[in-house]
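Written out below as structure tokens is the structure these notes cover.
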Amino acid sequence: MNENTSMMRSLQRETRKREKEIVRLLGQFVRCESPSHHKAAVDRFGRMVASEWRRRGAKVRVLRQTKRGNHVRAELWLGAGRPTGQILILGHLDTVYPLGTLAKMPFRVRGGRAFGPGTFDMKAGLVLALAAVDALRAAGLRPRKRLVLFWNSDEEIGSGTSQHAIEREARRSDAVLVLEPSAGPGGSLKTARKGIGTAEVIVTGRAAHAGLDPGAGVNAVHELALQIVRLEHMNDARRGISLQATVIEGGTVSNVVPAHARAEVDIRYTHLADAPKLHRKVRGLRPILPGARVEVRGGINRPPLERTPAVVALFRRARTLMRELGLPLGEAWVGGGSDGNFTAALGVPTLDGLGAIGNGAHSVVEHVVVRSLPQRAALLAGLLASL
């Protein structure tokens, strides 16, 4: 039996012992609702998470915010002597579910699955970090690097108040492990994510009677339709670029040439090198119809997580650790973004999707597979011990 096999079997024994405690704590976390836009609720949950880390001897700092929920930073050194570096572990406190969702979607365990708002995305990930640290201590394993755990309050709404703090922490780190949910029923890790942008196209025309004097008007809806065709031509499947008009508003009543129209546009792209040109093209939209005015707000706001050699090296280490337990581990490329996009764009080795196995994120059937929770905790602990 080699050293890795011994370590992983020891960690799995410890995490399996804690399966009931993992589920109990997950239920406690899920029952503390934390919608992104409700500061008091997110702060209440943040205090609960901070308390769990203080109980484990972590040095906890709360990064207070005025409009959004506070972020929680926990620092833990499990080794002896001086650490050889730092590992950053990322996750978020907020969920997409409004207050009161628990009344319709209570936390429950049924058929080997734990259901409830935020179970999969991503309160189970927060619990796995605690279970991993507990297992490391119980197994007598001492990571060589200091652990910094950063839980932000606004990931689901763009990480506007946390991005700079995350990037600052990442620059001090040798690797970043992201506890977002895994991909697919096999629990694949995420080694690539698309970059994201959101733009708003606002058109101003001129109102007129649609029957008596249509030529006196400038139709804002027609102008917007022409702009959407322009956006459609920016799609490039080969490069992994997609632009979708997702929300459209315009007009007042059927017999008036509309003076105003707007569209929200979802932007996705695969390669960081494409961002500047794509951003310029979207922001550079100009009117087509005489007399129309076009304003574009927003644009590219999140870089992609690219599958670099450093990302691949981290994934292969994780796959090797799971093989010691006789378990397969795959990798996936996904269109959605996470805070790992920010850290990977800095060149810091980043591995995403280390959270729970499950399905139904942001839906009424959101759940995690209970029997997989000890395995995922053991994987995280193994990575922390071996990096």
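The values are calculated or read from the model by the stated rules, or taken from the named source; none is laboratory data. Given the structure is predicted, the values throughout are model-derived calculations rather than measurements. In this analysis, Cβ positions are derived from the backbone assuming ideal geometry, glycine residues included, and neighbour counts consider all displayed protein chains.
Just a few scattered comments:
- Within the stretch 131-154, residues that are over 15 Å from residue 377 (Cα atoms) have Cβ atoms under 9 Å from residues that are part of a helix (DSSP H, G or I) and charged (D, E, K, R) in these pairs: 148/169; 150/169; 153/39; 153/43, counting only partners at least 6 apart in sequence or on another chain.
- As for the stretch 253-276, it holds at least one residue that is in contact (Cβ under 8 Å) with a residue 12 or more places away in the chain, of a type in the set (D, E, K, R) and not in a strand (DSSP E or B).
- Candidates 165, 183, 192: the one that is small (Gly, Ala, Ser) and touching a helix residue (DSSP H, G or I) at 6+ places or on another chain (Cβ under 9 Å) is 192.
- Any hit, the stretch 55-62, residues being under 20 Å from the mean Cα position of the chain (by Cα) and either closer than 25 Å to residue 360 by Cα or among the basic types (Lys, Arg) (or both): no
- Taking the criterion of being assigned to a strand (DSSP E or B), more than 25 Å from residue 155 (Cβ to Cβ) and of a type outside the set (Val, Ile, Thr), the residues of the stretch 289-328 that qualify are 293, 295.
- Within the stretch 218-241, tally of residues that are in contact (Cβ under 8 Å) with a residue 40 or more places away in the chain and under 31 Å from the mean Cα position of the chain (by Cα): 5
- Look at (1) basic (Lys, Arg); (2) in the same structural domain as residue 10 (by TED's automatic domain parsing); (3) surrounded by fewer than 16 Cβ atoms within 10 Å (Cβ to Cβ) and you find that residue 317 fails only one, number (3).
- Pair list, Cβ < 8 Å and 6+ apart or interchain, from the stretch 308-334 residues that are within 18 Å of residue 87 (Cα to Cα) to residues that are among the hydroxyl-bearing types (Ser, Thr, Tyr) and in a helix (DSSP H, G or I): 317/386; 321/386
- Consider the stretch 358-387 and keep the residues that are within 16 Å of residue 122 (Cβ to Cβ), touching a Pro at 6+ places or on another chain (Cβ under 7 Å) and not acidic (Asp, Glu). The one that is surrounded by the fewest Cβ atoms within 10 Å (Cβ to Cβ) is 361.
- Elements of type strands (runs of 3 or more DSSP E) in the stretch 38-94, at least 2 residues being among the β-branched types (Val, Ile, Thr): 59-63, 86-92
- Filtered residue count, the stretch 228-252, keeping only those that are assigned to a strand (DSSP E or B) and polar (S, T, N, Q): 3
- Summed over the stretch 180-217, residues that are part of a loop (DSSP other than H, G, I, E, B) and in contact (Cβ under 8 Å) with a residue 12 or more places away in the chain total 13.
- Odd one out for residue 202 among (1) β-branched (Val, Ile, Thr); (2) farther than 28 Å from residue 264 by Cα; (3) in contact with a His (Cβ under 9 Å, 6 or more places away or on another chain): (2)
- Of all residues in the stretch 80-104, those satisfying the criterion of being surrounded by 17 or more Cβ atoms within 10 Å (Cβ to Cβ) and of a type outside the set (Val, Ile, Thr) are 86, 88, 90, 91, 92, 93, 94, 97.
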